[in-house]
Structure formats: structure tokens, C-alpha cells
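The block underneath contains the structure these notes are about, expressed in C-alpha cells.
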Amino acid sequence: MFSTIQPSAQKLQTKPASSRIVRRSPWPRLALFAFMIVVALIQLFPLIWLVDYSLLKSGDFFGKNFLVWPDPPQWANYKNAFTYGRVPLFFFNSLLVTVITVAASAVLALMMGYAFTRMKWKLSGFFLGFVMLGMIIPIHATLLPNFILFHKLDMLNNLFTLILPYTAIVIPISMFIMTGFLETIPRAIEESAVMDGAGIFGVIFKIIFPITKPAIATICVLNFISTWNEFIMANTFLTSEDIKTIPFSIMKFAGEYSSNYGAQFAVMTIIALPTILIYLLFTEQMTKGITAGAVKG
């Protein structure tokens, strides 16, 4: 009797909950993947449109289509950009101004950020807030005061008149990123370096600088983007043809009654390439530099 009941009782036993396999529907993940593809295409469309129009004839720009297949591609637009547009010279001038601005802002942000976050002195919080106020001032709001000042100092028509305001206007955002990153660094590292005999500059450039590379990369990329193709201030301060920057190449093909749109789009494509390359190269460092200040350690 007992032997006949036992097997039936075993059949009534169910599997434990831990051994059950829960299958999730793949559709939410596929929908998210499709949505991200659409967003990526929307983000890439301006670049595709820019390259497409740089290879068109002047008569192909007026139509109902957003994209027109160049038949044949007008590579002469790029040739005109390099010859008549003087792209090599203007490109070098822009590169010189931007590199000096980016390097100066990074060094100043590192040293000032260390002074505000590590050194104890009166009114440090007040002056840090005063520097941060510069983030609400647009660069072109300083155009007229800078012009008057540089005119009185006889400094117009000089690349230095661009480097000074460019550096000053990016210092606040650079300080904001650098101070947030420095707050995450333990002070014990610097104390050990001081006990080993390191001076203040040794601590900053030998200890702090290697640690803050993500923040410095973020500062450099953001400042490069903001100063690389700035035109209004350069157009106000520069008059000599030999020191003009890369946006002036576009104006070479703008006439009173007609314009060479193909060459203008070719110049804009050349202007966009350095920014895209630098952003792609330092995306990971930018992510670390921006997010590091969110967590205080």
C-alpha cells in the first residue's frame, strides 16, 4: 500500500522557484536599438549633407531635394578652397591661435584649480565664485570693450588680440571642470609627495597633472570646439590678410550678387574635420573628466 502511494506523491512535487527559467521578450531591446540607430542617423545627417553639398555644382543647390547625388563630383571646389580661399595659411593661423589658447587655459585651470581646492587662504570661496560668474558672460558681450581697450593699446590686427579674450572666456568652464575633478583626488597622495621633498610645482606637475589627464582632455576638447571657428571677434580685430583665420576662407567665395556655394561648403567641410577627429579621439577621456566631479571621494 505504501509503495503504491509514494510514486504518486513524487509526481505532485513541483520544481523549486530558483530552477525556473524566465524568458524575457527581445522586443524592448530591439526597439531601443532601432531608436538609437534613428538618433545616430539624425545626428550624422548634417555632416552627410555638408559633404554632399561640397561636391555639387553651383546650379545644383536650388531644388526640392535635401540631398542631391553629385554627378560628377566637383572636386574642383576643394581645389578652389585651397588656392583662392587660402585655406593652408588661414588653417595654420587658426591652429596657432587655438593651440595656444587651449594650452594656456589648461595650464591656468590646473594651477588655479589647485590653489582654490588645496590651499587655505582668505576669501578663496569668494574669488572662486567670482571666476565662475564668467560662465554666464557670452564671448561676444566683451567685443566692444575689448576693441576699445586693444585700440588704445595699439594691439589690433594681431593674433595676440584673439588669444587673450579666447583664453579669458574659457577659464570659468575650465575651472568648473578642474575643481570638480580635484575634489575627488585624495590629499594623502600630495602629502606623501611633500614628505619626500617635492615643492609646490613638483606636486602640481609631477603628481596632480598625470592624475587629472581626463579633466585636462575634457577642457582641451571643449575649448578647441569653442575657439576653432569663431568668426565675429576675429573679423573685428583682424584686417591683415596674412593673419586671418580659417572662417575668412568662406568669405572669399561670397560675392555681392553671386556666391560659389560649392567652394563654401568645401571650406566648411575642412573646418569641421579637425573638430570631429579630436572629439572622436578623446570621447572616453571627456566622459571620465565630466563624470568624475559628480562623486566626491
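The values are calculated or read from the model by the stated rules, or taken from the named source; none is laboratory data. Computed from a predicted structure; not experimentally measured. Methodologically, a virtual Cβ is constructed for each residue, glycine included, from the backbone with ideal geometry; neighbour enumeration extends over all protein chains shown. Side chains are part of the model used for accessible areas, which takes the heavy atoms of the whole protein and leaves out ligands, DNA and RNA. Shrake-Rupley method; radii C 1.70, N 1.55, O 1.52, S 1.80 Å.
Summary table below
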read-out	value
Breaking point among (1) under 18 Å from the mean Cα position of the chain (by Cα); (2) more than 27 Å from Phe205 (Cα to Cα), for Thr161	(1)
Single condition Leu110 does not satisfy, out of (1) surrounded by fewer than 16 Cβ atoms within 10 Å (Cβ to Cβ); (2) not in a loop (DSSP other than H, G, I, E, B)	(1)
The range 223-239 - residue that is open to solvent by 40 Å² or more (accessible area, probe 1.4 Å) and not aliphatic (A, V, I, L, M) and, of those, farthest from Asn157 (Cα to Cα)	Ser226
Scope the range 35-51; condition more than 21 Å from the chain's Cα centre (by Cα) and farther than 19 Å from Leu277 by Cα; matching residues	Phe35, Met36, Ile37, Val38
Filter pass, Leu144 being in contact (Cβ under 8 Å) with a residue 12 or more places away in the chain and either part of a helix (DSSP H, G or I) or surrounded by fewer than 16 Cβ atoms within 10 Å (Cβ to Cβ) (or both)	no
Selection count where residues are assigned to a loop (DSSP other than H, G, I, E, B), within 30 Å of His151 (Cα to Cα) and either modelled with pLDDT of 90 or more or touching a helix residue (DSSP H, G or I) at 6+ places or on another chain (Cβ under 8 Å) (or both), scope the range 253-267	1
Lone qualifier among Ile270, Ile276 - being assigned to a helix (DSSP H, G or I) and modelled with pLDDT under 90	Ile276
Lone unmet requirement of (1) surrounded by fewer than 17 Cβ atoms within 10 Å (Cβ to Cβ); (2) within 27 Å of Trp228 (Cα to Cα) for Trp121	(2)
Test: residue in the range 81-93 that is β-branched (Val, Ile, Thr) and assigned to a helix (DSSP H, G or I)	yes
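Here's the yes/no breakdown for (1) open to solvent by 60 Å² or more (accessible area, probe 1.4 Å); (2) under 22 Å from Val221 (Cβ atoms):
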position	(1), (2)
Trp27	yes, no
Trp49	yes, no
Gln74	no, no
Tyr78	no, no
Thr83	yes, no
Val97	no, yes
Ala104	no, yes
